[in-house]
Amino acid sequence: MTDDIDRAQARDLQYQADCERERRYRAARPGLPYTGNCHYCGAITGGGRRFCDADCRDAWDRERRLKQMQGVN
């Protein structure tokens, strides 16, 4: 029979494994190249930014994830 401490420890170990998996996934993903324009709306960006603002970044990420789920590249 497991007690609260055992369950908490199991959750903690699972959380650590999930974090490590996410870290490796993010490290393996190729980054977007800097083009001088927003990758979503095409607006001119500066300072090495790939998106003009957080709204475009989030919209681009949502569309990318949706295409991945649909199997479209």
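What follows draws every value from the coordinates through simple rules; no lab data is involved. All of these numbers come straight from a predicted model, not from anything done at the bench. Please note: Cβ atoms are built from the backbone with ideal geometry, for glycine as well, and neighbour counts cover all protein chains shown.
For the reader, a short list of remarks on this structure follows.
- Acute angle (nearest 10 degrees) that the helix 4-28 long axis makes with the longest principal axis of the chain, alpha-carbon atoms: 30 degrees
- Within a Gaussian network of the chain (alpha carbon springs, distance under 10 Å), most fluctuating of R21, R57, R49: R21
- Computed over the chain: relative contact order in percent, which uses C-alpha pairs under 8 Å that are six or more apart: 17 percent
- Cα-based radius of gyration of the chain once divided by 2.2 N^0.38 Å, which approximates compact folds: 1.66
- Loop-located chymotrypsin sites (Phe, Trp or Tyr not before Pro) across the chain with a Cβ neighbour count of 15 or fewer within 10 Å are Y34, with loop assigned by DSSP.
- Degrees between helix 54-70 axis and first principal axis of the chain (Cα, 0 to 90, nearest 10): 70 degrees
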